[in-house]
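These notes concern the structure reproduced below.
Just so it is clear, none of the values below were taken in a lab; they were calculated from the coordinates. In this text the structure is predicted, and so the values were computed from the model without any measurement. Cβ: placed from backbone, ideal geometry, glycine included. Neighbour counts: every protein chain shown.
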Amino acid sequence: MPGSLVPGSLVSVSRLLGRLDHVTLLDVRYRLGGPPGREEFLAGHIPGAAYVDLDTALAGRPGPGGRHPLPDEATFEAAMREAGVSMDRPVVVYDDWEGRAAARAWWLLRFHGHPHVQVLDGGWRAWSEQGGERETGEASVVRPGDFTVAAAKGMPVVEAERVPAVSVLVDARAPERYRGEVEPIDPVAGHIPGAVNVPTTENVDASGRFREASELRAVYAAVGAVEGADVAAYCGSGVTAAHDVLALELVGIRAALYPGSWSEWVTDPGRPVETGTTGG
């Protein structure tokens, strides 16, 4: 279509400018442990965007499956339709958290079969810095979409019982949480034995944009996450791990997500825990 976006998992502000009429925009601003992003949305958002709440639309209720288990299909489908998502229209998602919440929305839409989803590189910060227009208050009229979850899933997952068999298990949390030196959220500190640490901060530069593909490839190659390897990612609750999955996707490496992540892993006291660095 005229003005359509370049295929891929990221889109730049410069590419999106002037093409807002050709995409469905989702604002998924969110802060771990903070209030929902709706107030930020009301204060200013990209024109035409619909606000999507991570806790209610992009995650299920906390429980044995972790703090942010995957939402049930009916809930997710209804939320996406309400936000205007249709199968034949590209979707662009953004946040103000260097893409971490946006990556969760990207992953869920891809997982459930949407063919064209992109994360706005740099998010709201980049949009504002480059002079993008802003809209305040509630979203303008959003026409309901026809998004339907697909039976065949578009992204791989790995569940707890198979996690120990993954060849390259990437922990996306901050290094001090990975090593078990601090644990501000979950009841047990440490990491899954054998996991390697690539915190999401390694995926972006000082501007909050994703690093160049050559740099990302080197970061992940250093821990054995290379093309053809059996790779999976986890974090505290399955949200920010999608950021590592996205970074790997940008360099042609398909990685599985462990949705329950550490918050599910530690619900079973029989599962092993490691502290320090792997092999240390």
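Anyone know which of Ala78, Ala247, Ala103 comes out most mobile in the 10 Å Cα GNM of the chain? With Cα springs under 10 Å in the chain, the top fluctuation among Ala78, Ala247, Ala103 is at Ala78. For the pair segment 229-243 and segment 162-185, the centres of their Cα atoms are 9 angstrom apart. Rounded to the nearest 20, the Cβ-based charge dipole of the chain about its Cα centre (Lys and Arg +1, Asp and Glu -1) stands at 280 debye. Here's the picture: charge each Lys and Arg Cβ at +1 and each Asp and Glu Cβ at -1 in the chain, and of Tyr30, Thr275, Met87 the one pushed furthest to the positive end of that dipole is Met87. Using Cβ point charges alone (K and R +1, D and E -1), the dipole size of segment 10-129 about the Cα centre works out to roughly 200 debye. About the centre of its Cα atoms, segment 156-280 shows a dipole size close to 120 debye [charges on the beta carbon of Lys, Arg (+1) and Asp, Glu (-1) only; nearest 20 debye]. Sorted fewest first by neighbouring Cβ atoms within 10 angstrom, His243, His112 come out as His112, His243. Among the helices of the chain, those built from whole DSSP H runs whose Cα atoms reach 15 Å or more along their own axis and whose mean Kyte-Doolittle hydropathy is at least 0.0 are 100-111. With the chain treated as a Gaussian network of Cα nodes joined by springs under 10 Å, which of Ala255, Ala229, Ala242 yields the largest mean-square fluctuation? Result: Ala229 has the largest fluctuation of those listed. Note on segment 210-228 and segment 13-39: Cα centroid distance 27 Å, given to the nearest whole angstrom. Sorting Met87, Met155 by the number of Cβ atoms found within 10 Å of their own Cβ, with the fewest placed first, yields Met87, Met155. Toward the positive end of the charge dipole of segment 152-194, about the Cα centre and with charges on Cβ (Lys, Arg +1; Asp, Glu -1), which of Ala174, Pro193, Met155 goes farthest? Farthest towards the positive end: Met155. Counting Lys and Arg as +1 and Asp and Glu as -1 over every other residue whose Cβ lies under 9 Å from the Cβ of Val239, the net charge comes to +3.
Computed over the chain with a Gaussian network model linking Cα atoms closer than 10 Å, the most mobile of Gly131, Gly63, Gly48 is Gly131. For the chain, the relative contact order works out to 21 percent when only alpha carbon pairs closer than 8 Å and six or more residues apart are counted.
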